[in-house]
Amino acid sequence: MSNTNGDKRSVATDALETLGTIISSKEKRDAIHLAVENAVAAHTLYAGQDVGLEEGKATIHAAKLLGIVDPFVKGPIHTGQRFWLVVYPRQIHSLRHVWTHPDFPESPDLVGL
């Protein structure tokens with residue numbers, strides 16, 4: 001499959017398949033989508049820590065770890081603060097993009113946001 005601009009490269013990506021592993025020199029520049037969830041810190045957390053949810057809050061002590069604390073946050077995330085929980089790669093069963101445009105009505109998913 002080629003892109004509509006005449007580019008012969010495939011639109012498929014390997015980066016998401018190899019994210020979280022050691023890669024070789026054959027992998028090329030890419031872009032990926034990662035699922036994120038608005039989460040509340042159960043206790044002080046730091047960028048990149050593995051977390052799960054317990055009683056609706058993100059914690060390193062969860063029985064099942066689901067992802068990591070936003071790796072781009074500078075400094076600690078304190079108890080009760082909100083942050084992006086970045087879901088581990090290859091765990092999402094369905095992915096859908098929601099967008100807005102001034103000439104289209106708002107999606108029902110966005111009402112009240």
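Rule-based calculations on the coordinates, nothing more; no lab input. All figures in this text were calculated on a predicted structure; none of them were measured in a lab. Quick reminder, even Gly has a Cβ in these numbers, built from the backbone with ideal geometry, and neighbours come from all protein chains shown.
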- Once the piece of chain linking H43 and E55 is laid out straight, how much longer is it, given 0.36 nm per residue of separation minus the C-alpha distance between them? 3.1 nm
- Residues with amide H under 5 Å from that of A62, placed H, sequence gap 5 or more: G52
- Message: Using the basic label-point model (7 angstrom from Cα toward the beta carbon), what is the A63 to S94 distance in nanometres?
- Response: 2.6
- ³J(HN,Hα), Karplus 6.51/-1.76/1.60, whole Hz, each residue of the range 27-40, x for Gly, Pro: 6, 10, 3, 8, 9, 9, 10, 10, 7, 10, 10, 5, 10, 10
- Rg/Rg_ref, the range 34-87, where Rg_ref = 2.2 N^0.38 Å and atoms are Cα: 0.94
- Message: So for each of 17-29, 52-64 I average, over its residues, the number of other beta carbons within 10 Å; can you give me the resulting order with the highest mean first?
- Response: 52-64, 17-29
- Item | Distant-in-sequence amide H partners of V36 (H built 1.01 Å from N, under 5 Å) | V87
- Which FRET efficiency, nearest 0.05, do V73 and K28 yield, Cβ-Cβ r, R0 30 Å? 0.60
- Query: What is the packing order of peptides 39-50, 67-78, taking the mean over residues of other C-beta atoms within 10 Å and listing the highest first?
  - Reply: 39-50, 67-78
- Would you mind getting me the FRET efficiency between T21 and D103? Use the beta-carbon distance for r and R0 = 35 Å, nearest 0.05. 0.25
